[in-house]
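Comments concern the structure below.
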Amino acid sequence: MIIAPARLLALTLCAGLAACAHNPQPCPPPAPGAAGAGGLPDWHEAITDPDHVRLRDWRKAFAAGLDQARKDGHGAEIDAQGRLLDPDTAMDGATLPIGFYRCRVIKLGSRDAGRVTYIAYPAHRCEVRPSDNLTRLIELDGLQKPSGRLYPDGPSRSVFLGTMILGDERKAITYGRDVDRDMVGAVQRIGEHRWRMLIPDPAWESKIDVMELVPEG
């Protein structure tokens, strides 16, 4: 008899609970940083509390940034970006393939009154490379270079946890050591060979940073 995957999982869980019930020693809880679905690390175990809040409220930050920029007269520039600046364009296939990308950032909104609410930067070179059993996204040039690991989070989103490399620094600091350097992002596919990373409420300047990622060639 063939057992459906869902049925097999339920039977496995029941067997585990039964073992705990008859064991005089309590079953230990999962260790911090334990692997998630498919044996991969789980971003829930790695994320800081402030970044968890930022990631949860990404849509609120996106809406606030768009609203500020439109009120400042940048509506035509926003509309010209199409799916890139539409909050509801995520598609399945959020995993970024390993390789080199052209990455450009648009900053929306402002944390402080009187600042520019729409800035589009030129593209830089980025790379997605293996990192243990995950992958790492790193910007290779520019004055502000995000660097961090990409965690799977379902078909339509990956989660980026990393830090900002500044100026001529050669190496990223460890995630979780400096709240001003920590970064969290939601990676989504928005078209054929086209992705974006949403960075809500970054430590400086904007309400949200939107990075477009397009493979080289």
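The values are calculated or read from the model by the stated rules, or taken from the named source; none is laboratory data. Values in this document were obtained by computation on a predicted structure and should not be read as measured data. Counting neighbours? That spans all protein chains shown, and the Cβs are built from the backbone with ideal geometry, glycine included. Surface areas here come from the heavy atoms of the whole protein model, side chains and all, with no ligands, DNA or RNA. Shrake-Rupley method; radii C 1.70, N 1.55, O 1.52, S 1.80 Å.
Below is a table of values for the structure above.
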item: Conditions (1) within 22 Å of D201 (Cβ to Cβ); (2) assigned to a loop (DSSP other than H, G, I, E, B): number failed by E169; result: (1)
item: Per-region count, the range 106-156, residues aliphatic (A, V, I, L, M), under 28 Å from G73 (Cα atoms) and out of contact with any Cys (no Cβ under 7 Å at 6 or more places or on another chain); result: 7
item: Options S147, S206; residue that is closer than 18 Å to L55 by Cα, assigned to a loop (DSSP other than H, G, I, E, B) and of a type in the set (S, T, N, Q); result: S206
item: Unmet requirement for P130, which otherwise passes all of (1) at pLDDT 95 or above; (2) open to solvent by 40 Å² or more (accessible area, probe 1.4 Å); (3) within 22 Å of L55 (Cβ to Cβ); result: (3)
item: Pick from the range 185-217, criterion within 18 Å of L96 (Cα to Cα) and open to solvent by 40 Å² or more (accessible area, probe 1.4 Å), ranking: modelled with the lowest pLDDT; result: G217
item: Residue match in the range 113-125 (condition: touching a residue at least 40 places away in the same chain (Cβ under 8 Å), closer than 24 Å to L40 by Cβ, open to solvent by 60 Å² or more (accessible area, probe 1.4 Å) and under 19 Å from the mean Cα position of the chain (by Cα)); result: no
item: Tally, over the range 152-184, of residues that are surrounded by 11 or more Cβ atoms within 10 Å (Cβ to Cβ) and on the phi > 0 side of the Ramachandran plot; result: 1
item: E139, sole failed condition from (1) surrounded by fewer than 22 Cβ atoms within 10 Å (Cβ to Cβ); (2) among the acidic types (D, E); (3) farther than 21 Å from L85 by Cβ; result: (3)
item: Test: residue in the range 75-84 that is of a type in the set (S, T, N, Q), open to solvent by 30 Å² or more (accessible area, probe 1.4 Å), touching a strand residue (DSSP E or B) at 6+ places or on another chain (Cβ under 9 Å) and under 20 Å from A186 (Cα atoms); result: yes
item: Any hit, the range 183-203, residues being polar (S, T, N, Q) and either free of Cβ contacts under 8 Å to residues at least 24 places away in the same chain or assigned to a strand (DSSP E or B) (or both); result: yes
item: Residue, nearest to I190 (Cα to Cα), within the range 94-111, restricted to residues that are exposed (fewer than 14 other Cβ atoms within 10 Å of the Cβ) and modelled with pLDDT of 95 or more; result: P97
